[in-house]
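Each remark here refers to the structure printed beneath this line.
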Amino acid sequence: MRIVSVLVMGEAAFVRPAYAGSFRHLSLFVGGKTRAAVNEGRADFMPCFFNQVPSLLGTHIPVDIALVTVSEPGERGYCSLGVAVDYTKRAVEVARTVIAEVNPYMPRIPGDCMVHLTDIDFMVETNRPIIELPRALAAEDERLAGENVAALVEDGATLQVGIGAMPEVVCCRLTDRHDLGVHSEMVSDGIMELVECGAITGARKTLHPGKIIATFVMGSRKLYNWLHDNPLMEMHPVTYTNNPSVISRNRNMVAVNGALEVDRLGQICADTLGPVQYSGVGGQVDFVRGARLSEGGKAVIVLTSTARNGQVSRIVPTLKPESRSPIPTSART
């Protein structure tokens, strides 16, 4: 049986060596749960831009069964895909069979993220809390780097920030800004806190003013509760949120993403460590391109200069052949 997913959270028992004869995982973005399996040849990796993942489903990647988690249905029979709309909405649309885990812990978030009961073939009730993402603690060099990035964000800018310690620092340093907006693939606790302190209002957004736009959410139980029926939030498929032409319609778009290594030519590696697949292409390139096309936009790639407690330089003369970045020269800053 082939199991297809992007980032895997939770136990991920299907990639254990003991189950290699029963399951074969196709990963569209490698994470900590699947990294060993991919690099040891027990699982497969297909590199692709995040915004293109839904177009692969039902075409290059047949979908026999879609397994999704949804919120409890509303009065008219619609369930929300909650914290993960990304490619799951497309999977529901093209799958031969849809099995939905109905979970009262899943927040019902507004947007283009609804699935009607008539589109679900089998429903399973569960009562498990949604997986939470612990907040990353920044080291001193990460804190300083995050502060430098925060200085580039002006009042009225629209933000996209990724995952990790430095994005957390960036958010923490923006509490004195005014009328920030959010158009991002991901929303985390830092975004919620910027709304609560008044820094994010979306009032100056040129696309979806007053709304936070995202395709998935990772954070705490408090964040999930805050998002439930929150009119400030709209969830959309990744084909929309990560479309560079859509992103560029946000004036003063600031996209903040990380990298593993950069060379003296300005080439960026964000997904491999030499021949080792570390993560995936994901949405970084989508937002780099979108921010560069935005009026007044900025695409920021941030990384500390060293790794492993200063033993390894992240700034190198030239990237290894195996680490060539998918970011074209025209998209780099």
Next on the checklist: As an exercise, find the ratio Rg/Rh for region 2-125 from alpha-carbon atoms, using the Kirkwood inverse-distance average for Rh.
Outcome noted: 0.98
Item to check | Under 9 Å, Cβ to Cβ, from Val169 - net charge with Lys/Arg +1 and Asp/Glu -1 | outcome: -1
Checklist entry - Which net charge results for the neighbourhood of Glu132, defined as the other residues with beta-carbon distances under 13 angstrom from its beta-carbon, given Lys and Arg at +1 and Asp and Glu at -1? => result +3
Item to check | Net charge contributed by nearby residues that have their C-beta within less than 14 Å of Tyr78 (K/R +1, D/E -1) | outcome: -2
Item to check | Dimensions (Å) - region 140-331, Cα atoms, principal axes, largest first | outcome: 47, 34, 28
Next on the checklist: I'd like the antiparallel share, as a percent to the nearest 5, of DSSP beta bridges with both residues in region 46-169.
Outcome noted: 20 percent
Item to check | Listed pairs Lys33/Lys205; Lys33/Lys89; Lys89/Lys320 exceeding 31 Å between Cα atoms | outcome: Lys33/Lys205; Lys89/Lys320
Checklist entry - If amide H atoms are built 1.01 Å from N in the plane of the peptide, which residues on other chains or at least 5 residues away come under 5 Å of the amide H of Gly282? => result Cys48, Phe50
Checklist entry - Quick one, which of [x] -0.28, -0.72; [y] -0.25, -0.64; [z] -0.39, -0.83 is the actual log10 I(q)/I(0) by the Debye sum over Cα atoms at q = 0.07, 0.11 Å⁻¹ calculated for this model? => result [x]
Checklist entry - With labels modelled as points extended 7 Å from the Cα through the Cβ direction, what inter-label distance (nm, one decimal) is found for Ala259 paired with Tyr78? => result 4.2 nm
Checklist outcome for this item: For the Ile99, Met9 Cβ pair and Förster radius 30 Å, calculated FRET efficiency rounded to 0.05 is 0.95
Item to check | Fully extended contour minus Cα-Cα distance, from Leu26 to Thr306, at 0.36 nm per residue | outcome: 97.6 nm
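The numbers here are math on the coordinates, done by the rules we state, and not lab data. The model shown is predicted, which means the values in this text are computed figures rather than measured ones. Positions of Cβ are generated from backbone atoms using ideal geometry, with glycine treated the same way; all protein chains shown enter the neighbour counts.
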